[in-house]
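Novice: Below are the structure tokens for one structure; questions will follow.
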Amino acid sequence: MVRHARALAVRAELLQAEGELAAARVDLDTALEVLRQDAGAAAQTAEVLHQSGKLALIEQRDNAALSAFRAAVDVLEAQREALPSGDLQQRFFSDRYRPVYADLVERLVAGDQPGEALLVTELFRARSLLAQLELSGVYRASTEYRLARDRLVKARDSASKQMATAGDLNQQRADELTIAELGLKLAALRDEDR
């Protein structure tokens with residue numbers, strides 16, 4: 001199943017490059033249907049959702065793009081939660097998925113939702129920092145490490161809950177944050193990607 005979905009996604013990319021957007025959309029939608037039948041295909045599902053969001057942007061369907069990017073991040077977060085901590089999480093969640101988060105943040109900023117954009121940015125940063133600390137080995141046994149890890153986990157969980165209710169928080173956060181601050185965070189996120 002995953003192989004078939006991957007082939008559809010590659011074909012969709014080629015069709016998109018040739019300007020055949022409707023045919024590319026059909027292939028991506030079919031790939032998503034196939035992947036949703038396979039519980040073990042979360043990473044591939046997130047990648048196809050991300051690709052679908054990028055196609056929606058080309059089609060000038062901003063709401064569809066935002067929905068696809070959100071769904072991709074949700075799938076990645078659910079998959080990461082299911083993995084044991086440490087090396088396996090780090091390998092799964094490496095910089096490979098940074099563009100998914102960056103595109104979601106960019107769409108949120110463009111859609112005047114800076115509060116949720118900040119939450120997504122901080123969620124990604126907390127995940128990266130937590131994974132680096134776990135892999136370092138130096139702090140693994142120390143009390144300070146355990147306390148710091150617990151704080152990061154609580155912050156991550158809090159950010160996840162806030163992200164779920166971001167619609168209510170957007171107005172409040174928008175008053176506290178400026179688009180310029182988010183632009184700097186997005187630029188930093190993209191600079192780290194280079």
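Novice: Would you mind finding the one in ARG6, ARG11 that is within 21 Å of PHE69 (Cβ to Cβ) and open to solvent by 100 Å² or more (accessible area, probe 1.4 Å)? Reasoning before the result, please.
Specialist: Values: ARG11 fails: within 21 Å of PHE69 (Cβ to Cβ).
Residue meeting the stated conditions: ARG6.
Novice: Would you please list the contacts, defined by Cβ atoms under 6 Å and residues six or more apart or on different chains, that run from a residue in segment 1-29 that is among the basic types (Lys, Arg) to a residue that is open to solvent by less than 50 Å² (accessible area, probe 1.4 Å)?
Specialist: Listed pairs, sorted by first residue: ARG11/ASP27.
Novice: Every residue in segment 12-59 that is of a type in the set (Val, Ile, Thr) and within 26 Å of ALA110 (Cβ to Cβ), please. Steps first, please.
Specialist: To start, the set of residues in segment 12-59 that are of a type in the set (Val, Ile, Thr) comprises 26, 30, 34, 45, 48, 58.
Those that are of a type in the set (Val, Ile, Thr) and within 26 Å of ALA110 (Cβ to Cβ): THR45, VAL48, ILE58.
Novice: Considering segment 53-70 alone, what residues qualify as being surrounded by fewer than 16 Cβ atoms within 10 Å (Cβ to Cβ) and assigned to a helix (DSSP H, G or I)?
Specialist: First pass over segment 53-70, keeping only residues surrounded by fewer than 16 Cβ atoms within 10 Å (Cβ to Cβ): 58-63.
Selection gives ILE58, ASP62, ASN63.
Novice: Considering segment 10-34 alone, what residues qualify as being aliphatic (A, V, I, L, M), over 15 Å from HIS50 (Cα atoms) and touching a helix residue (DSSP H, G or I) at 6+ places or on another chain (Cβ under 7 Å)?
Specialist: Within segment 10-34, LEU15, LEU21, ALA23, VAL34 qualify.
Novice: Quickly run through segment 1-54 and pick out the residues that are within 17 Å of VAL73 (Cβ to Cβ) and of a type in the set (A, V, I, L, M, F, W, C). Please lay out each step first, then the result.
Specialist: In the first step, residues of segment 1-54 are kept if they are within 17 Å of VAL73 (Cβ to Cβ); the result is 32, 35-36, 41-54.
Passing the criteria: LEU32, LEU35, ALA41, ALA42, ALA43, ALA46, VAL48, LEU49.
Novice: Same structure, new question: Scan segment 1-24 for residues that are under 21 Å from the mean Cα position of the chain (by Cα) and not aliphatic (A, V, I, L, M) and jot them down.
Specialist: Passing the criteria: ARG6, GLU13.
The values are calculated or read from the model by the stated rules, or taken from the named source; none is laboratory data. The shown structure was predicted, so the numbers you read here are calculated from the model rather than taken from an experiment. Quick reminder, even Gly has a Cβ in these numbers, built from the backbone with ideal geometry, and neighbours come from all protein chains shown. Heavy atoms of the whole protein, side chains included, go into the accessibility calculation; ligands, DNA and RNA do not. Shrake-Rupley method; radii C 1.70, N 1.55, O 1.52, S 1.80 Å.
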